[in-house]
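Chemist: The following block contains the structure, expressed as structure tokens.
The values are calculated or read from the model by the stated rules, or taken from the named source; none is laboratory data. Remember, predicted model here, so these are calculated numbers, not experimental data. In this analysis, Cβ positions are derived from the backbone assuming ideal geometry, glycine residues included, and neighbour counts consider all displayed protein chains. The accessibility values were calculated without ligands, DNA or RNA, using every heavy atom of the protein model including side chains. Shrake-Rupley method; radii C 1.70, N 1.55, O 1.52, S 1.80 Å.
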Amino acid sequence: MHNVYATFEKVAKDYPQEWVARLDIQRDRELDEAMSLGAQATPTVFIVDGERVIDKLEGDVPEALLRSFLQRNLERDLSING
């Protein structure tokens, strides 16, 4: 059976650790943070610049789509890059 969280963890390992954070929605504080960012489904991957959400990907998506989403956003001029 496909495990969406295993896919995320696999893909996240290919990016700098300081660029990837995971919220555990089983914890109230982290659920509140996810909701404040605009999560409407699990999982949701957010691209955040400062405190502003600039892109998000929701739901169970194939690994190739998740990688494409992250790579596309890495090419943006995010403050972490300069």
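Chemist: Which residues make up the longest stretch of the chain that has no GluC sites (Glu not before Pro) in a DSSP loop with at most 11 other Cβ atoms within 10 Å?
Modeler: My reading of the result: 1-50 is the longest stretch.
Chemist: What FRET efficiency comes out for the pair Asn3/Gln40, r = Cβ-Cβ distance, R0 = 22 Å, nearest 0.05? All intermediate terms of the calculation are to be shown ahead of the outcome.
Modeler: Details: r = 21 Å, r/R0 = 0.96.
According to the calculation, E is roughly 0.55.
Chemist: Whenever you get a sec, compute what percent of the accessible area on the chain sits on carbon and sulfur atoms (1.4 Å probe).
Modeler: Details: 2910 of 6000 Å².
C and S fraction of accessible area: 49 percent.
Chemist: Can you show me the helix-derived [θ] at 222 nm for the chain, built from DSSP H runs with n ≥ 4 at -39,500 (n - 2.57) apiece and divided by the number of residues, rounded to the nearest 500. Walk me through the numbers on the way to the answer.
Modeler: Details: 3 runs with 31 residues, N = 82.
Result for the chain: -11000 deg cm²/dmol, rounded to the nearest 500.
Chemist: Would you work out the charge dipole size for the chain about its Cα centre, treating the Cβ of every Lys and Arg as +1 and the Cβ of every Asp and Glu as -1, and quote it to the nearest 20 debye?
Modeler: Details: 10 positive and 16 negative charges, 38 e Å.
Dipole size: approximately 180 debye.
Chemist: For the chain, what are the DSSP H helices with axial Cα length of 27 Å or more and mean Kyte-Doolittle hydropathy of at least 1.0? Don't skip to the end; give the middle numbers.
Modeler: Details: long enough: none.
Answer set is empty.
Chemist: Please state the shape class of the range 1-78: rounded when a/c is under 1.5, otherwise prolate if a/b exceeds b/c and oblate if not, all from the C-alpha gyration tensor. Write out the running numbers ahead of the final one.
Modeler: Numbers: a/c = 1.58, a/b = 1.06, b/c = 1.49.
Judged from the Cα gyration tensor, the range 1-78 comes out oblate (a/c at least 1.5, b/c at or above a/b).
Chemist: Among the trypsin sites (Lys or Arg not before Pro) in the range 1-60, which ones are in a DSSP loop with at most 12 other Cβ atoms within 10 Å of the Cβ? Mind listing them? Don't jump to the answer; show the numbers that get you there.
Modeler: Numbers: sites: Lys10, Lys13, Arg22, Arg27, Arg29, Arg52, Lys56; in loops: Lys13, Arg22, Arg27.
Hits after loop and neighbour filter: Lys13, Arg22, Arg27.
Chemist: So what is the accessible area of the chain per residue, in Å², with the probe set to 1.4 Å?
Modeler: Numbers: 6000 Å² over 82 residues.
Result: 73 Å² per residue.
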